[in-house]
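I have placed the structure first, in the form of structure tokens, so that the comments after it can refer back to it.
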Ligand SMILES: O=C(O)C1=C[C@@H](OP(=O)(O)O)[C@@H](O)[C@H](O)C1
Ligand SMILES: C=C(OP(=O)(O)O)C(=O)O
């Protein structure tokens, strides 16, 4: 989906209390990986609860182009007949990963140690995101990337003919870098080692282990050292995708700021490498009950009961950033309604997401009457104790999370909040508008 349709301007208005049950779609990170690992294994992988967002569908299409057989068998139910590690065929056309950083970066890793070539592109947002952070470690395996001089897509990856194992220390806290290296290690003889200073989401490690790879994480003085034994035979799996905590963040935050709200969100993934937002909200004074804590499919989950709350700004511990990296935009909206300042530091990675999220949130919040300070790796939101004026238009820059964040803001601000384009919401949370309006929100297309 490298093209983008006409912009979809949207508006949200002050609504009555949000009430009811929010059934959140499947986790985007786990859904991408289900398609990719299914394609790299032998046999039929059966997936239920897959996120049918455009990002994941583009990854499914890509896996078919590399030779896997991908079939939709029901609502959110999919089957993947894989080609096995090393079995990827050379695609006969450009691989278009649309808006998905996760998609393109993990797939480049997965094919980089197979002797085939593939050309990758994406939409205008993805074509402006750094790929050097992936092509550099992949070149150590013997792969070669040829593309634009600035390292942006489109680029062609020439897979290594005789891949050599790699020991690589990731310079950024990024699960996409970690996953690309581990996936490249699959078709490489010997041990591939990835070291990360801070723990990032660990779905690749958990799922690789589930598919039968030998993979081990050890905490060392340098951080976390992950060792993968190359050339395993991955065996097809049955996967129930947990519900996405990053999507749940929007109704959770909306319920906190809209007076009188009470929303139940069943079965939300609480993997500790993803749960930083909930810890932060609780520290701000949020009334969130974690009911029926349990394990499902190897991931901790709980039902969340969220009630509207008076919140106080805090200094978010920078070490928490990797576990809530996609949630800072909506946290900055909640912060606008809190009492006092919310200080978010150590968030430079936000500048290389679907857009520069620090800039997009700062400009958008200012348009809604909120004071924001920002620097290269921080943002400080001055809370208005519930009295956010609204009335502005936020630019969304093809970024789903920016669009959804401002549509949440408008449910509680004095005047409506407008976004210039909500089209990108379909990449990660296609039912966002219906789900929110089902709870009593007033979100509409202009
Ligand atoms: O591995 C993943 O599934 C993801 C990793 C994160 O990106 P980075 O690795 O760039 O931090 C996150 O922002 C993205 O939404 C999903
Ligand atoms: C950063 C995100 O995704 P990706 O990097 O896959 O585009 C996100 O979903 O917030």
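The numbers here are math on the coordinates, done by the rules we state, and not lab data. A quick note: this is a predicted structure, and the numbers were derived from the prediction, not measured. Here the Cβ positions follow ideal geometry from the backbone for every residue, glycine too, while neighbour counts run over all protein chains shown.
Annotations for the structure displayed:
- Taking Cα atoms only, the orientation of helix 101-111 departs from the longest principal axis of the chain by about 10 degrees.
- Contour excess over end-to-end distance, with Cα ends at residue 445 and residue 371 and 0.36 nm allotted per residue: 23.9 nm
- The listed peptides 170-176, 83-89, 402-408, 96-102, ordered by packing as a protection proxy, come out as 402-408, 96-102, 170-176, 83-89 (highest mean of other Cβ atoms within 10 Å first).
- Cβ crowding within 10 Å ranks 133, 201, 148 as 148, 133, 201, fewest other Cβ atoms first.
- Note on residue 124 and residue 387: the extension gain reaches 91.1 nm, defined as 0.36 nm multiplied by sequence separation minus the Cα-Cα distance.
- When the alpha carbon gyration tensor of the chain is reduced to an equivalent ellipsoid, the three semi-axes, largest first, read 36, 22, 21 Å.
- Part-to-part distance (alpha-carbon centres) for the range 177-245 and the range 57-106, which is given in Å: 19 Å
- Packing-based exposure ordering (other Cβ within 10 Å, fewest first) of 381, 343: 343, 381
- Förster radius 45 Å - calculated FRET efficiency between residue 294 and residue 414 (Cβ-Cβ, nearest 0.05): 0.65
- Helix-only mean residue ellipticity at 222 nm for the chain, each DSSP H run of n ≥ 4 adding -39500 (n - 2.57), per residue, nearest 500: -8000 deg cm²/dmol
- Fraction of beta bridges assigned by DSSP in the chain that are antiparallel (%, nearest 5): 75 percent
- Legend: calculated FRET efficiency, residue 75 to residue 238, from the Cβ-Cβ distance at R0 = 25 Å, rounded to 0.05, equals 0.90.
- Distance between the C-alpha centres of the range 143-171 and the range 355-420: 37 Å, rounded to the whole angstrom.
- For the listed peptides 118-125, 149-156, 409-416, a ranking on the average number of other beta carbons within 10 Å per residue, highest first, reads 409-416, 118-125, 149-156.
- Net length gained if the chain between residue 307 and residue 279 were fully extended (0.36 nm per residue, minus Cα distance): 8.5 nm
- Prolate/oblate/rounded label for the range 1-109 (Cα gyration tensor, a/c 1.5): oblate
- Gaussian network model of the chain, Cα within-10 Å springs - most flexible of 219, 341, 14: 219
- Relative contact order of the range 148-282, defined on C-alpha pairs under 8 angstrom at six or more residues apart (%): 19 percent
- DSSP bridge pairs, the range 320-435: antiparallel proportion in percent, nearest 5: 75 percent
- Every pair of different Cα atoms in the range 269-342 enters the Kirkwood calculation, which places the hydrodynamic radius at 13.0 Å.
- Within the range 28-231, antiparallel bridges make up roughly 85 percent of the DSSP beta bridges whose residues both belong there.
- The range 28-231 shape via C-alpha gyration tensor axes, a/c threshold 1.5: rounded
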